Amino acid sequence: MLTILDGGLGRELKRLGAPFQQPEWSALALMEAPETVTQAHRAFIDAGADVITTNAYAVVPFHIGEERFAERGLELASLAGKLARESVTGQPRSVTVAGSLPPLFGSYQPELFDAARAPELLAPLVEGQAPYVDVWLAETLSATEEAKAVAQALGDDQRPRWFSFTLQDADESSQQPCALRSGETIESAVDTVVAAGGEALLFNCSQAEVMEEAIRRARAAIDAKGAELRLGVYANSFVPQSNRIAANSGVSDMRDDLGAEAYAEFAQRWQAAGATMIGGCCGIGPEHIEMLTRIARSQA
């Protein structure tokens, strides 16, 4: 059974005309136009998403600044959870709310991760969203130590834990290294998620082209361990970039060759490789999710 995730919330907010700029990214809409966050959530629900993720990705000092995070981090995390919960309430079908636990020190930059500071930054994100979410989604993780910090922050919380890693994109020579941004192996990610009590291992915010091999390697590693983990993918639509370029350095351009049908072709290969959870990240909109929903319904 294929579970359909939502798409890229930040780019959908931008498309809807919400306040949107760096460094605040999607948090700007949360602070200045929360009604657009609800509108974006509902667009993905209407497209058929079984899961929506809270708009907490940019509620970190990296995006909103140290002072504003200290003053409003808990409030904004709570608002992100509340808006997502309100978006699924009254829907004619059940929709799961995933609480986003984002990279704390900037996407794609494992070298900036500070294990000593991680607990103080994760605490308000967990506390604020806890009343509203069904599962926890630690996303765009570049290194296994980030996943370990999330597991520690969640403590004895019994809700399902999903861990999603971002992969190295193909380099300038089109080589596909199939590794985490930190250089760690897919197998190390499997080991970490199993040890952390994860229910699912996903890969996100990387090129569609690098996902299939990661799923295949993860499936083989899971089977070798005799473990049980669901596998998922939500790729982005960024134009190919060097792995040396940091995310969040600007508002990246989007590909023009990854429309709904092209993305669905990738998704079918991911599913054949073992993925049972598929959605989209940056630049993947409701039209892509609607196409994935049609595929899922045709298989039911």
Quiz item: So what is the 222 nm mean residue ellipticity for the chain from helices alone, if each DSSP H run of at least 4 adds -39500 (n - 2.57) and you divide by all residues, rounding to the nearest 500 deg cm²/dmol?
Solution: -13500 deg cm²/dmol
Exercise. Tell me which residues come under 5 Å, amide H to amide H, from Phe203 once H is placed; ignore anything under 5 positions away on its chain.
Key: Phe165, Gly232, Val233, Tyr234
Quiz item: What are the lysines whose alpha-carbon lies under 24 Å from the alpha-carbon of Lys82, with same-chain residues fewer than 8 places away excluded?
Solution: Lys14
Self-check item: Radius 11 Å from Cβ of Ala275, net charge of other residues (Lys, Arg +1; Asp, Glu -1)
Solution: +3
Quiz item: Taking R0 as 25 Å, what's the FRET efficiency between Ser94 and Gln299 from their Cβ-Cβ distance, rounded to 0.05?
Solution: 0.85
Quiz prompt | Mean Cα-pair separation over length for the chain, i.e. relative contact order, pairs under 8 Å, 6 or more apart, % | solution = 21 percent
Exercise. Only Lys, Arg, Asp and Glu count, each charged at its Cβ (+1, +1, -1, -1), so figure out the dipole size of region 76-146 about its Cα centre, rounded to 20 debye.
Key: 400 debye
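Restricting to Cα atoms and excluding each atom paired with itself, what does the Kirkwood estimate give for the chain in Å?
Numbers: mean 1/r = 0.0533 Å⁻¹.
Result for the chain, one decimal place: 18.8 Å.
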Quiz item: What relative contact order, as a whole-number percentage, does region 8-163 give when Cα pairs under 8 Å and 6 or more residues apart are counted?
Solution: 21 percent
Quiz prompt | Along the chain, longest interval not containing exposed trypsin sites (Lys or Arg not before Pro), exposed being DSSP loop plus at most 11 other Cβ atoms within 10 Å | solution = 94-243
Quiz item: Residue separation times 0.36 nm, minus the C-alpha to C-alpha distance between Lys225 and Gln268: what's the value?
Solution: 12.9 nm
Quiz item: Under unit Cβ charges (Lys, Arg +1; Asp, Glu -1), what dipole magnitude, rounded to 20 debye, does the chain have relative to its Cα centre?
Solution: 560 debye
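Values in this text are rule-based calculations from the coordinates and carry no lab data. Treat the numbers as computed from the prediction; the structure is a model and nothing was measured. Don't worry about glycine lacking a Cβ; one is built from the backbone with ideal geometry, like all the others, and counts go over all protein chains shown.
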